[in-house]
Each structure stands twice: as structure tokens, then as C-alpha cells.
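Asks: Got a structure for you, written out below as C-alpha cells; questions coming shortly.
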Amino acid sequence: MEPSTKPVLYSYFRSSCSWRVRIAFALKGIEYNLVPVNLIKDGGQQRSEQYSKLNPMQQVPAVEIDGITLCQSLAVIQYIDETRPGPCLLPVDPKARAKVRMISDLIASGIQPIQNLSVLQKVGEEKVPWGQHFINRGFQALEPILKETSGKYCVGDEISMADICLVPQVYNAERFKVDIGQYPTIRKINETLLELEAFKVSHPSHQPDTPANLQA
Amino acid sequence: MHLSSVCLAKPVLYSYFRSSCSWRVRIAFALKGIEYNLVPVNLIKDGGQQRSEQYSKLNPMQQVPAVEIDGITLCQSLAVIQYIDETRPGPCLLPVDPKARAKVRMISDLIASGIQPIQNLSVLQKVGEEKVPWGQHFINRGFQALEPILKETSGKYCVGDEISMADICLVPQVYNAERFKVDIGQYPTIRKINETLLELEAFKVSHPSHQPDTPANLQA
């Protein structure tokens, strides 16, 4: 019975972490049901009692899949990679895998959590300088790393979890008015990836909950 | 040829005694029985040795840990841990079952993305005067989420009855929580698992109180 049930993704259109999972589903060709969670309305729908049962961190994304509920985007992505056919989202070679995880974690631990909504809400008035500071710090580190690891994509010439993390983080950077021109390798890889269908179909401007004025 | 000497060379771990991220890697090395050379990086002295030009070449994020292993340099503790798990024998640090693996990663990431980065040194240095309330807030928020998750996933350890990367992340985070005077008594499952793990040799030998760079007044 379970395998025929589509996964359910709880997502906000411009949550970068939700976008990562949407990209992964698209790359793997997995159909899913999307339940929008508006992080601003009603005091933030992620704080509802019902949603807190799904994700006690009160964050998006959360995924119901194969009878379990998973949170943390990279845990979800690696789970679907390990259980679904389609292009591998991590390389086979252990050193290359480690580089993919290192880049993914630099973004998913080293940058995004420090500039996400719940932290910004505590920062108060200095939200934009705060976000710029930590994104720039992360990108200043990521740029030389990618110079060394990248081919066509973040690690060599195969799309990986690192690319899945990169594009939404560049989107965040642009929202904070970070000048991506300072990071030519990041910019180039981002542009290459944005041409791909999986990154387009999952883009924040194309989601069921994208406000009309932000639709592409 | 340098290849054979590289494979036989011990890994080098750049570590600070009470960096929770460094401690995670020390635990993993201990669980796997891997000998390594430890190079201390003092995060406070000299304006923070992690900011030196030399160290920045190893880790441009200017953070610990960094590891030189098998001819490459790796940063990000969970990338290091999974690399050594995939390349070294010894007890597996992630379960075989994909759903259990996902739960291990979920718990690990809840800590390593959802809590620690928000209360680490570089963020606290920007927070200014309200460091302790800031740290308490985000650790409590994370532990309030982690407690019900662990109630569901745990057996003897975080996920079932086998030690995993989730346990490796938990103990150092509880140590951080105690430094911020968070009352762990509010989180009985976290507390119980932490106590169980602290009895194990790998968690003792890697403890911040027993490192080459532990200051005399903080040694056990």
C-alpha cells in the first residue's frame, strides 16, 4: 500500500530549505503533494499545534514519506537518494562524496541557519547587515573551495546535493542584496544550474503558494 | 611515489579542546579506533588562531575542525565523520536501514544545523552583550524539538540500540548547553542518553577535559 502513496512536502515558496527538497524531487522525477506552510501569516503557520507535531522545530520543510515523517532537508534528500532510482545525488567515490557533504554543510550549517527567519526575528533592526555579513563570510569561504572542486557543477561534472544547496543560497544572498559578482565561481555554477528543468520547475516563482506579484 | 606514505600517514585533526564540532570528530576517531595527530587551534589567543593566513588555507570558513586525511583536506564535522565511516572498518556510525539512517541524519542535522551554528563563537561575537540569553534561547528551542523526537526514536541510544552519528552530535551539544546554564533536567530523554554515552570510553577519551590543549584549571 505505502509505495503507491505520494510523498507529502510541507513547503514555503521561498524557504531555501524547502526549495532544496523540491529540487531533489524534481531531479529524481518523484511526484509529490505540496502543502504550503505560510511562515508569516497567522503568526507563522509553522507554529501551529498541528504543524509542530510534524516538525517540533517549527520549520519547513517536513516530508511524510513511506510511512515516516522526516525533517531536515539534507536528511530527506539523502533518504530519497538511497531509496529511489534516478540520477545519484551523491558521487560514488568517497572523497568526492565528502566534498559534496562539506559544501552542502558549509551552506546548510554554516550560512543558512544564521540568516533564517527565526534568527532574524531575534536580531531586530539590523537584519540586512546581519544577513549580508554571514552570507558574505560563507561565500568568501565557498568560492576558493569551489574553485578547487568544481567542474561544470560544484563537484566535478555531475549534479549533486552540493548544487541543490547552492542555488537556493544564492537566491537568499540576492534577497539580502549581496553582490554575487564578487564570487565568480559561485555565480557561474548558479547560472548553469538555473538553466536546468529541475531548478526551474522548483523555483520560488513557480510554486502553488507563490504570491501573484512574485510569480515569474 | 608518495602514495604509500600518504595512505600510511595518520590523519591530522585541527581541534580546539571545547569546540563541540571538534569533539564530534574526536569521538568518531575514537569509536573507529583511528589514531590521529591533533594540532590545537586556540580560538581565543592571538585574535583567534583560526583566523591566521595559514589556517585559512586549510579551512576558509576559519572554523574548527579541519582534517587532513588520505591526501585531502576536509572541513565540516559531519562530512568528516561520514567519510571515515565509509572508508574505515570498525563499528558503523550510521545504520544500514535507510529509514533509521534518515533519522540519524535528521537528529544530527537538528543539532549541527539547527542549534550549534546559532550559538557558536562567531555568531556570539556579533550578538554582543546578550550572549547567554541568546545561546539559551536557541539551545532550548532545539532541545524542545529534540526531546519528543528522541522519545520516539531512541532505545539505549539516540536511534535504537546502536551508537550513531546522532549520539556523536548529542553529547557535545549537551556540554554546550551546560556551559550556557541550560537546565537539562527539562529534557529527560536527552539527559538519560547523554549520561549513558558519557560512560563509554570513546566519549571519555575525547572529552574536552582531557585534550592536549585543555587548560590546567579545566582538566579533569
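The values are calculated or read from the model by the stated rules, or taken from the named source; none is laboratory data. Everything quoted here is computed from the prediction, not taken from an experiment. A quick note on method: Cβ atoms are made from the backbone with ideal geometry, for glycine too, and the neighbour counts reach across all protein chains shown.
Asks: Answer yes or no as to whether residue B:64 is among the β-branched types (Val, Ile, Thr), within 17 Å of residue A:105 (Cβ to Cβ) and in contact with a strand residue (DSSP E or B) (Cβ under 6 Å, 6 or more places away or on another chain).
Replies: Values: among the β-branched types (Val, Ile, Thr): yes; within 17 Å of residue A:105 (Cβ to Cβ): yes; in contact with a strand residue (DSSP E or B) (Cβ under 6 Å, 6 or more places away or on another chain): yes.
So residue B:64 passes the test.
Asks: If you don't mind, there's one more thing I want to ask. Being touching a residue at least 40 places away in the same chain (Cβ under 8 Å) and under 30 Å from residue A:86 (Cα atoms) narrows it down to one of A:131, A:151, A:156, so name that one. Can you show your working first?
Replies: Values: A:131 fails: under 30 Å from residue A:86 (Cα atoms); A:151 fails: touching a residue at least 40 places away in the same chain (Cβ under 8 Å).
Result of the check over A:131, A:151, A:156: A:156.
Asks: May I ask you to say which residue of A:149, A:185 is modelled with pLDDT of 95 or more, in contact with a Leu (Cβ under 6 Å, 6 or more places away or on another chain) and surrounded by fewer than 22 Cβ atoms within 10 Å (Cβ to Cβ)? Reasoning before the result, please.
Replies: Working: A:149 fails: in contact with a Leu (Cβ under 6 Å, 6 or more places away or on another chain).
Criteria check complete, one pass: A:185.
Asks: Give the residue that is nearest to residue A:33 (Cα to Cα), with candidates limited to residues of segment A:67-96 that are among the charged types (D, E, K, R) and at the interface with another protein chain (Cβ under 7 Å from one of its Cβ atoms). Break it down stepwise before answering.
Replies: Initial filter on segment A:67-96 (among the charged types (D, E, K, R)): A:81-82, A:84, A:93, A:95.
From what is left, the residues that are at the interface with another protein chain (Cβ under 7 Å from one of its Cβ atoms) are A:82, A:95.
Values: A:82: 20, A:95: 35 Å.
The qualifying residue nearest to residue A:33 (Cα to Cα) is A:82.
Asks: Now a separate question. Starting from residues that are within 16 Å of the chain's Cα centre (by Cα) and within 21 Å of residue A:143 (Cβ to Cβ), keep the ones in segment B:39-64 and report whichever is surrounded by the most Cβ atoms within 10 Å (Cβ to Cβ).
Replies: The qualifying residue surrounded by the most Cβ atoms within 10 Å (Cβ to Cβ) is B:64.
Asks: A further question on this structure: Taking segment A:102-139, which residues are more than 15 Å from residue B:115 (Cα to Cα) and at the interface with chain B (Cβ under 9 Å from one of its Cβ atoms)?
Replies: A:102, A:103, A:104, A:123, A:130, A:133, A:134, A:137, A:138
Asks: Something else now. With the checklist (1) within 26 Å of residue A:210 (Cα to Cα); (2) in a helix (DSSP H, G or I) in hand, flag the one item residue A:98 doesn't pass.
Replies: It is condition (1) that residue A:98 fails.
Asks: Tell me yes or no: at least one residue of segment A:27-36 is more than 18 Å from residue B:107 (Cα to Cα) and among the hydroxyl-bearing types (Ser, Thr, Tyr).
Replies: Filtering segment A:27-36 down to residues more than 18 Å from residue B:107 (Cα to Cα) leaves A:27-36.
If we keep only those that are among the hydroxyl-bearing types (Ser, Thr, Tyr) as well, we get A:32.
Within segment A:27-36, one or more residues are more than 18 Å from residue B:107 (Cα to Cα) and among the hydroxyl-bearing types (Ser, Thr, Tyr).
Asks: Out of A:163, A:179, I need the residue that is surrounded by fewer than 24 Cβ atoms within 10 Å (Cβ to Cβ) and either at pLDDT 95 or above or touching a helix residue (DSSP H, G or I) at 6+ places or on another chain (Cβ under 8 Å) (or both). Which one?
Replies: On the way: A:163 fails: surrounded by fewer than 24 Cβ atoms within 10 Å (Cβ to Cβ).
Sole residue among the options that is surrounded by fewer than 24 Cβ atoms within 10 Å (Cβ to Cβ) and either at pLDDT 95 or above or touching a helix residue (DSSP H, G or I) at 6+ places or on another chain (Cβ under 8 Å) (or both): A:179.
Asks: Something else now. For a quick check of your reading of the model, give me the residue pairs whose first member lies in segment B:195-220 and is without any contact (Cβ under 8 Å) to a residue 24 or more places away in the chain, whose second is among the hydroxyl-bearing types (Ser, Thr, Tyr) and in a loop (DSSP other than H, G, I, E, B), with beta-carbon atoms closer than 9 Å and at least 6 apart or on different chains.
Replies: Within 9 Å, the pairs are B:220/B:214.
Asks: Does segment A:16-24 contain at least one residue that is more than 14 Å from residue A:201 (Cα to Cα) and crowded, with 18+ Cβ neighbours inside 10 Å? Steps first, answer last, please.
Replies: Filtering segment A:16-24 down to residues more than 14 Å from residue A:201 (Cα to Cα) leaves A:16-17.
With crowded, with 18+ Cβ neighbours inside 10 Å added as a condition, the list becomes A:16-17.
Checking segment A:16-24: at least one residue is more than 14 Å from residue A:201 (Cα to Cα) and crowded, with 18+ Cβ neighbours inside 10 Å.
Asks: From the residues in segment B:101-122 that are in a helix (DSSP H, G or I) and modelled with pLDDT under 95, which one is surrounded by the fewest Cβ atoms within 10 Å (Cβ to Cβ)?
Replies: The initial filter retains those residues of segment B:101-122 that are in a helix (DSSP H, G or I), namely B:101-112, B:116-119, B:121-122.
Filter once more, so that each one left must be modelled with pLDDT under 95: B:121-122.
On the way: B:121: 15, B:122: 19.
Among residues in segment B:101-122 that are in a helix (DSSP H, G or I) and modelled with pLDDT under 95, the one surrounded by the fewest Cβ atoms within 10 Å (Cβ to Cβ) is B:121.
Asks: Please tell me if residue B:100 is touching an Asp or Glu at 6+ places or on another chain (Cβ under 9 Å) and within 20 Å of residue A:95 (Cα to Cα).
Replies: On the way: touching an Asp or Glu at 6+ places or on another chain (Cβ under 9 Å): yes; within 20 Å of residue A:95 (Cα to Cα): no.
Here the answer is no, as residue B:100 does not meet what is asked.
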